[in-house]
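Note sheet for the following structure.
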Amino acid sequence: MEPEKKGKYASSPEWSNITPIPLNDGSDSGAQPLATIAYAPEYLEATSYLRAVMADNEMSERALALTEDIIKMNPAHYTVWNYRAKILFALEKDLLDELDWLNGVSLKYLKNYQIWYSPSIYTIPSTNGERHHRQVLISSRQHFPTLPTGEPAFLMSMFEQDSKNYHVWTYRHWLVRHFRLWDSPQELSDVESLLDSDVRNNSAWNHRFMLKFGPRDDEPAGLPNSTTLPPEQKGRLDVVDEEVVDAELDYAKGKIVLAPQNRSPWAYARGVLRAAGRGVGEWLSFVSQFVGAEAESVKSTHALEWLVDVYLEDSEHEKKEEAVRLLNLLKERYDPIRKNYWDYRIRMVEGVV
Amino acid sequence: MTLASSPSRTPTGPQPGDLYVQKHVDYIKNLDSRRDELEYWLTEHLRLNGVYWGLTALHLLGHPGALPRDKTIDFILSCQQDNGGFAAAPGHDAHMLYTVSAVQILVTLDAVDELEKPGRGGKHKLGSFIAGLQDKETGTFMGDEWGERDTRFLYGALNALSLLGLLDLVDVPKAVSYIQKCENFDGAYGIRPGAESHAGQVFTCVGALAIAGRLDLVNRDRLGGWLSERQLENGGLNGRPEKLADSCYSWWVGASLAMIDRLHWVDSDRLAAFILKCQVSPFDTIPTLGTTNAVQDPEGGGFGDRPDNMADVFHTVFSVAGLSLLKFDGVLEVDPV
C-alpha cells in the first residue's frame with residue numbers, strides 16, 4: 001500500500017538517496033494474509049525508510065531523527081528502540097540529553113496509555129521498549145559510573161501517575177543493584193513517602209524488604225539463601241542484625257495499626273521474622289489486640305491467622321484446640337471464600353493430612 | 001497451554017448468565033476486520049501473540065476451524081526471521097515472546113513440519129535461536145539480543161523447547177536455580193530476583209518448574225495460600241495484593257494452583273460467575289459511560305478485564321482458559337502447564 005501523496009521523507013532532499021523498503025506482510029505471496037495491518041500513511045512511510053537505513057546499519061543524525069519520529073507515532077515498536085540505542089552509542093551522543101528526552105516520552109507514554117486505551121489494554125504484557133532503552137543506556141559504566149542525579153526524581157514522577165507500576169519498580173530494583181544503593185537515604189525516604197501516602201502499596205513494601213534484607217552479593221535473589229536452604233527454611237539470613245530486625249518489626253506494627261486488614265505489612269513482618277530466624281510467637285500480645293478476648297471483635301483476619309500460627313508454633317505456645325476453633329471462625333465467618341484452604345489447615349492440625 | 005482432552009458439549013441458546021460461545025467465536029473471527037481502529041495498528045507489536053490468543057480461545061470453545069488454517073500458517077511463517085526466530089509482525093526483529101507463540105500455534109495446528117520446508121532451517125534452527133538467548137551465567141533467558149530478562153522468557157523458552165522435544169539444547173538445572181532466586185518473602189515469585197511477587201510471574205515460574213520436573217522445590221502450602229488470597233469478594237482474582245480483580249488472572253492464578261494441586265482453594269462458583277460477568281454480552285447494548293472508551297460493540301462477544309469494560313483478545317483467551325480450568329460446560333479442558 002503506497003501513500004497517495006508524497007510523504008515528508010519522499011519529498012525531503014535529505015532522504016533522496018534512500019530507496020524505502022515497503023512492508024512485506026506476506027501479501028506478495030498471493031494469499032490475503034490473515035493479519036494485515038492498516039497503518040497511517042505517515043507511519044507506513046517512516047517505517048519504510050527505517051527498514052532501508054537499518055538494512056545498511058546506517059549510524060547517522062538523520063537515522064536518529066527518524067527513530068524519534070517513529071517512536072512518537074508508536075512507542076511500542078520495540079525494534080526501533082534497539083536501533084536507536086545502537087546509533088546513540090555509535091555517534092557518541094550525550095546520554096544525559098537522551099535521558100531528558102526519554103523522561104518526557106515515558107511520562108507521556110504512560111499518560112497516553114491511560115487516556116487512550118481501556119485499562120484492559122494497558123494490562124496486556126508486551127516488551128517494554130522505552131524502559132528497557134533506559135536500562136541499556138544507564139548500564140553503560142563508561143557513561144554512568146554513578147547514578148544519574150535526576151533518576152530518583154524521575155521515578156517518583158512516574159510513581160505519581162501509577163505508584164504500583166510493576167515495570168518501573170523492577171527497573172528501580174535494577175538501579176539499586178547496579179549502583180549498590182541499598183543504604184542510600186534517598187531510596188528509603190522515597191519508599192517511606194510512598195507508604196505514607198498509600199500504606200497498601202505492596203510494591204513499596206517489597207522494595208523496602210529488598211533494601212533491608214535482599215542479598216547483596218553478585219547473584220541477585222528475592223530471599224536470602226533461596227537456593228541453599230530447603231523450601232521451608234529459605235529466606236533465613238546467615239548474619240542477623242537484630243537492631244534492624246526490631247526496627248523493621250516496629251515499623252510494620254505502626255503501619256498495621258493504621259489499616260489492620262492490609263495484607264502487606266503482615267507479610268512483611270513474617271518475612272522479617274523468617275530472615276531473623278525468629279518465631280511468630282513474639283507478636284502474641286500485639287496481634288491479640290485485633291482479635292479480642294474471645295475472638296469476638298476481630299479487626300483483621302491476618303491477626304487471627306497469626307494467632308493460629310502462634311498456637312501451633314512450639315510447645316511453649318501450643319493450644320491446638322484453640323487454633324482449630326479460630327480456623328473454624330475463619331472458615332465459616334471471616335473468610336468463607338477460602339473455605340477449602342481453611343479446611344486444609346484444620347485437617348493439618350488434626351493430623352489428617 | 002495445550003488442549004488436554006476432547007470436547008464436552010456446547011450449551012444451547014444464550015441466556016443472561018450463560019457463556020455466549022458463538023458470540024465469542026464471532027468476536028475473534030472479526031478481530032482482523034477492525035483494522036480502521038487506532039488501537040489495532042498501535043498494537044502491531046502484539047500481532048503474532050494476538051493470533052495465538054485468538055486461536056487458542058477458538059480451540060477451547062470447540063471451534064478450531066473458525067480461523068483459516070492455511071492463512072494462519074502463512075502469516076506465522078511470514079514473521080520468521082533469518083536467525084530462525086519469529087517477530088511480532090513481518091519486518092520486526094525476532095523476539096522470544098513471538099517465537100514461543102509461533103511454536104504454540106504451529107503445534108496447535110499440527111504444522112511443525114512446515115519448519116522443515118526448504119529455507120526454513122528446520123525446528124533445530126528455531127530451537128537454536130531460543131537456546132542462544134539463555135544467559136549462560138544465570139540460567140535465565142533474554143527476550144532478544146538486547147538482553148531484557150524476564151521469567152516470561154524463561155518459561156516461554158522451556159515451553160517451546162519442550163513442545164519441540166528440544167529441551168536438551170539448554171541448561172535446565174541452571175534455569176531452575178534462577179527461578180528459585182525469584183521467590184520472595186511472601187512465598188510467591190516475581191519477574192526477576194527481588195521483584196515484587198506477581199501472579200503472572202508465579203505462573204511462569206511454576207510452569208517452568210513443572211516442565212523441568214522440579215515442582216518439589218515449591219512450598220505448595222505457602223504459595224497456595226498466597227494464590228488463594230488473590231480471590232476477592234466479587235469472586236474475581238487479582239495479580240498482586242491490594243489490586244483490583246482482572247479476568248486474565250483466572251488463568252494465571254488458576255493454572256498455578258492447578259499445577260500444585262490446590263485449585264480448590266479458591267471458590268470456583270464465584271470465580272466462574274465473575275468471569276461470566278466480564279463477557280461483553282449481547283444483552284449489553286448500551287455504551288458504558290464513565291470509562292475511558294466511549295462505545296462498546298453492540299454485537300457483543302469477547303471478554304474484558306472486568307465487568308462493563310471493553311473486550312480484547314488477551315482477556316478473552318485467558319477468561320475462556322480460566323473457565324476451562326474450572327471445567328465449565330462448553331469449554332474444552334486445558335493442560336495448566
So, how do all the Cα-to-Cα distances of region A:180-278 break down into 10 Å bins, in percent, from 0 on up? 15, 49, 32, 5
Average projection area in nm² (convex hull over Cα atoms of chain A, one quarter of hull surface): 24.8 nm²
Give me, ordered by chain and number, the residues 5 or more places off B:F303 or on other chains with an amide H under 5 Å from its own placed amide H. B:V280, B:D312, B:T316
When A:M156, B:M142 are ranked with the fewest other C-beta atoms within 10 Å first, the list becomes A:M156, B:M142
Tell me, what is the FRET efficiency for B:L232 and A:A293 to the nearest 0.05, using R0 = 35 angstrom and their Cβ-Cβ distance as r? 0.70
Under DSSP loop assignment and at most 13 Cβ neighbours within 10 Å, longest GluC sites (Glu not before Pro)-free interval of chain A: A:93-231
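Above 19 Å lies some portion of the pair distances; for region A:280-352, what is it as a whole percent of all C-alpha pairs? Write out the running numbers ahead of the final one.
Working: 719 of 2628 pairs.
For region A:280-352, the fraction of Cα-Cα distances above 19 Å is 27 percent.
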Ranked from fewest to most other Cβ atoms within 10 Å of their own Cβ, B:S177, A:S288 fall in the order A:S288, B:S177
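Could you work out, residue by residue across A:202-215, how many beta carbons of other chains sit within 10 Å of that residue's beta carbon, and then give the average as an integer? Write out the running numbers ahead of the final one.
Values: counts 8, 8, 1, 5, 11, 3, 0, 5, 7, 1, 0, 1, 4, 3.
Partner Cβ neighbours, averaged per residue: 4.
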Treating only the Cα positions of region A:144-212 as identical point scatterers, give the base-10 log of I(q)/I(0) from the Debye formula at each q in 0.14, 0.16, 0.21 Å⁻¹. -0.36, -0.48, -0.85
Per the Debye formula with a single identical scatterer at each Cα and no solvent contribution, what log10 I(q)/I(0) holds for chain B at q = 0.12 Å⁻¹? -0.85
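At 222 nm, what helix-only mean residue ellipticity would the protein assembly as shown give, in deg cm²/dmol to the nearest 500, using -39500 (n - 2.57) for each DSSP H run of four or more?
Calculated from helices alone, the mean residue ellipticity at 222 nm is -15000 deg cm²/dmol.
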For chain B, which span is the longest to avoid every loop-located (per DSSP) member of trypsin sites (Lys or Arg not before Pro) having at most 10 other Cβ atoms inside 10 Å? B:137-337
Within region B:113-149, whose backbone N sits under 18 Å from a point 7 Å along Cα→Cβ of B:D335? B:113
Fewest to most neighbouring Cβ within 10 Å: what's the order for A:T149, A:T301? A:T149, A:T301
Provide the per-residue ³J(HN,Hα) series for region B:218-234, in order, calculated from phi with Karplus coefficients 6.51, -1.76, 1.60 and θ = phi - 60°, each as a whole number of Hz, with x at glycine and proline positions. 8, 7, 5, 5, 5, 5, x, x, 4, 5, 6, 5, 6, 7, 9, 4, 7
Across the Cα atoms of the protein assembly as shown, what radius of gyration and what greatest pairwise Cα-Cα distance (Dmax) are found, in Å? 25.8, 86
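Bear in mind that the values in this text are calculations on the coordinates, not laboratory data. Values in this document were obtained by computation on a predicted structure and should not be read as measured data. Glycine gets a Cβ as well: all are built from the backbone with ideal geometry, and neighbour counts include every protein chain shown.
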